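**Q** Supplied in C-alpha cells, the structure appears directly below.
The values are calculated or read from the model by the stated rules, or taken from the named source; none is laboratory data. What you see is a predicted model, and the numbers here were worked out from it, not measured in a lab. Cβ coordinates were reconstructed from backbone atoms using ideal geometry, including for glycine residues, and neighbour counts include every protein chain displayed. Heavy atoms of the whole protein, side chains included, go into the accessibility calculation; ligands, DNA and RNA do not. Shrake-Rupley method; radii C 1.70, N 1.55, O 1.52, S 1.80 Å.
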Amino acid sequence: MALLFFGKDPNTNSDNCPTVWVDAVSADLVMQGWKADEETEAECLTVGHIPDSEAVIRIPARMVPLIRKACDEAEQRSAVQ
C-alpha cells in the first residue's frame with residue numbers, strides 16, 4: 001500500500017496531529033484525527049451504531065483545504081463522477 005501524504009494540521013506540532021492521506025491504489029481517504037468526545041459520539045449514535053471497526057474522529061476546519069485537495073486526488077484516481 002502506498003499512501004499519498006496531503007498534510008498535517010497546520011496549527012499543531014509535527015507529531016500527534018490530524019493528518020490526511022489518499023491510498024494510491026484504492027483512492028480511499030485515510031485520516032488521522034482526534035477521538036471524538038463522549039458528547040459528540042452520543043450525537044453520532046442517534047443515527048446509528050458505531051461498529052468496533054469504526055471510529056468517530058474530529059478533524060479541525062482549518063484542514064478543509066488539505067481535505068479538498070485529497071478529495072480531488074481521490075476522485076481523479078477512482079474516476080468517480
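**Q** State whether the residues of segment 17-26 include one that is at pLDDT 95 or above, in contact with a Ser or Thr (Cβ under 8 Å, 6 or more places away or on another chain) and not in a loop (DSSP other than H, G, I, E, B).
**A** Checking segment 17-26: not a single residue is at pLDDT 95 or above, in contact with a Ser or Thr (Cβ under 8 Å, 6 or more places away or on another chain) and not in a loop (DSSP other than H, G, I, E, B).
**Q** If you check Ala61, Ala55, Ala70, which single one turns out to be under 12 Å from the mean Cα position of the chain (by Cα) and surrounded by fewer than 11 Cβ atoms within 10 Å (Cβ to Cβ)? Step through it out loud before you land on a result.
**A** Details: Ala55 fails: surrounded by fewer than 11 Cβ atoms within 10 Å (Cβ to Cβ); Ala70 fails: surrounded by fewer than 11 Cβ atoms within 10 Å (Cβ to Cβ).
Being under 12 Å from the mean Cα position of the chain (by Cα) and surrounded by fewer than 11 Cβ atoms within 10 Å (Cβ to Cβ) holds for just one of Ala61, Ala55, Ala70, which is Ala61.
**Q** Going through segment 39-52 one residue at a time, which ones are assigned to a loop (DSSP other than H, G, I, E, B) and more than 17 Å from the chain's Cα centre (by Cα)? Spell out how you get there, then give the answer.
**A** Just the residues of segment 39-52 that are assigned to a loop (DSSP other than H, G, I, E, B), to begin with: 48-52.
Once the filter is applied, which keeps residues that are assigned to a loop (DSSP other than H, G, I, E, B) and more than 17 Å from the chain's Cα centre (by Cα), segment 39-52 yields Gly48, His49, Pro51, Asp52.
**Q** Tell me which residues, restricted to segment 24-44, are open to solvent by less than 90 Å² (accessible area, probe 1.4 Å) and either hydroxyl-bearing (Ser, Thr, Tyr) or without any contact (Cβ under 8 Å) to a residue 40 or more places away in the chain (or both).
**A** Correct list: Ser26, Val30, Met31, Gln32, Gly33, Ala36, Asp37, Thr40, Glu41, Ala42, Cys44.
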